[in-house]
Amino acid sequence: MHCDVCEHEMTTWDRPPSRWCREFWLCTWCHAVTLIGTPDHEAYRPDHSPWDIRWEAAWTDMLPDADRHAYGFLHRTLCGIEKPDMTGSQFGTWGDFLDACPDCTAAALAIDARWPEERRAGFRVSVPAAPRPRPEDQPGYVRPADELGRPDVRLPPTPTGPGRRTRVLTASPGPPAHAPAEYGFRRIGDGPAAVRLPAFWAGCGIGPYRPYDKQGRTFAWFRAYPLDTIPPLDEESFVGDFAWFGDTGDPLDHRTAVTDPIAAELAAVGLTLPADFLALITRANLHRCLDREGGGCWTDVAGPLPSPVDPADRMVLFFRDQQSCVLWYLYLHHDGQSGVVCSARDFTREPEPCYGPDGEIVTPGREIFWTAPSVEHFAYRFLTEARLAAAIHDRARAGELDPELVAYLAHYVPGSGSGTDSLTDGPTDRRTAG
């Protein structure tokens, strides 16, 4: 394929096709891109943009100053730095900032000069995708009873029997009338030195079954859901091996190069990274699995950081949403226990005072929230909800869902599921199942 702007040869990016793009073509001279097979276009050719707002900031946790550089595709910055894990920031452009890489600036200006003036505004032609026939537009169409998205959806029974049960537990109808003092909180660590944190699940809506209604605390499109309102999971089934995921792949050298220095720093204070954290960050098939299905969130590893709650504890950032409205950290207590916490604050940056509604300085510890007992537990719930949201958007049939997804959704569909359809044979108190 030849570039329609400068007539140089274009190259295709060898990345797997997705629902958003089947093929990605790039001109290595003027950097014009052509996307083949997007939801709205058979061929999408973006027009020229001014150089200082055209480029995304580079993003990789393998480069401390990545956001100073412009991302030039193919895992490279415009100035030529190449990292196998590099991509463009999903939110945040690179431009004419004081700390911008001068070599990236020079390359951006040179690439911009390669666009002929007469081929900048309205020259490139995109080809709209042909309308796709929809069954619901046909005469006599009846919406299937098990089509996801309808509030009265009929769900198939979840599998039962040895080796076929799901990790979703059957919960009691709700919290007791007199909730204990720890209700709504979780502890990491034992004894007087334990860290006591407010607890909730920060998640997106799940179609009409769990609407995002902005009730309570929100972080952009994430809402804080009390733990007693979400499906309880069997914690004992998460042993750090991601067996439910399938083939996790071999460790990637360029990812262990990120985790090894963190592990060395933690070892100096007597702490270790849990096996499930190492698997999620370094294994070939697990790495960035949350990014691919998480609706604009991405893996970003940094640390270890002293905890603002207890300086003897450490935190390791591993995941954030695209606007950094909520960030997830592995919390490592000095007695060896750990958990996943979230916060609206990026503790990897220079701490800044945070003020409450009356102008008072808010203690950073009050902005950290317990959200999962382990990284594997967190990844399972996050992926399950992301996959359910995608299936609901695509109006999939409930009978086509993975049994794990059916069991999870059954929590929100009245009359679905029973005590025999879970990993345990008896009811589970929601106060103790995270």
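Quick note: the coordinates plus some simple rules give every number you see, no bench work behind them. All of these numbers come straight from a predicted model, not from anything done at the bench. With ideal geometry, Cβ positions are generated from the backbone for all residues, glycine too; neighbour counts draw on all protein chains shown.
Points worth noting:
- Each peptide in 145-154, 307-316 was scored by the mean count of other Cβ atoms within 10 Å over its residues; highest first, the order is 307-316, 145-154.
- Each Lys and Arg Cβ is given +1 and each Asp and Glu Cβ -1; about its Cα centre, region 10-128 then shows a dipole of about 400 debye.
- Taking 195, 168, 33 and counting other C-beta atoms within 10 Å, the order from fewest to most: 33, 195, 168
- All other residues whose Cβ lies under 11 angstrom from that of residue 193 are scored, Lys and Arg at +1 and Asp and Glu at -1, for a net of -2.
- Considering only alpha-carbon pairs that sit under 8 angstrom and 6 or more positions apart, the relative contact order computed for the chain is 16 percent.
- Residue among 275, 407, 199 with the largest mean-square fluctuation in a Gaussian network model of the chain, springs linking Cα atoms under 10 Å: 275
- Acute angle (nearest 10 degrees) that the helix 253-267 long axis makes with the longest principal axis of the chain, alpha-carbon atoms: 50 degrees
- Amide H to amide H distances under 5 Å link residue 271 with no residue, where only residues 5 or more positions off or on other chains count and H is placed in the peptide plane.
- Estimated [θ] at 222 nm from DSSP helical runs (n ≥ 4, -39500 (n - 2.57)) normalised by residues in the chain, nearest 500: -5000 deg cm²/dmol
- Summarising the amide proton neighbourhood of residue 147: residues at separation of 5 or more, or on other chains, whose placed amide H is nearer than 5 Å comprise 154, 398.
- Residue 12 paired with residue 215, simple spin-label distance in nm, labels 7 Å along Cα-to-beta-carbon: 5.0 nm
- Label-to-label distance, nm, for residues given as residue 390 and residue 20 (7 Å Cα→Cβ offset): 1.1 nm
- For the options 341, 413, 127, a Gaussian network treatment of the chain with springs between C-alpha atoms closer than 10 Å singles out 127 as fluctuating the most.
- Charge tally in the Cβ shell below 13 Å around residue 81, where Lys, Arg are +1 and Asp, Glu are -1, residue 81 excluded: -2
- Listed candidates (i) 188; (ii) 152; (iii) 273 - label of the one calculated as volume of the Cα convex hull per residue in Å³: (i)
- Phi-derived couplings, Karplus 6.51 cos²θ - 1.76 cosθ + 1.60 at θ = phi - 60°, listed residue by residue for region 198-203: x, 10, 6, 9, 8, x Hz, with x used for Gly and Pro.
- Most positive-pole-ward Cα, 1, 80, 110, against dipole of the chain from beta carbon charges: 1
- Peptides 234-244, 10-20, 368-378 ranked from most to least packed, by the mean per-residue count of other Cβ atoms within 10 Å: 368-378, 234-244, 10-20.
- Packing, taken as the mean count of other beta carbons within 10 Å per residue, orders the peptides 187-193, 329-335 from highest to lowest as 329-335, 187-193.
- Neighbourhood net charge (13 Å Cβ-Cβ; Lys/Arg +1, Asp/Glu -1) for residue 292: +2
- Phi angles of region 335-349 translate, via the Karplus equation with coefficients 6.51, -1.76, 1.60 and θ = phi - 60°, into HN-Hα couplings of 8, x, 6, 8, x, 9, 10, 10, 7, 8, 9, 8, 7, 7, 9 Hz per residue; Gly and Pro are given as x.
- When each of 119, 22 is scored by the number of other beta-carbon atoms lying within 10 Å, the sequence from fewest to most is 22, 119.
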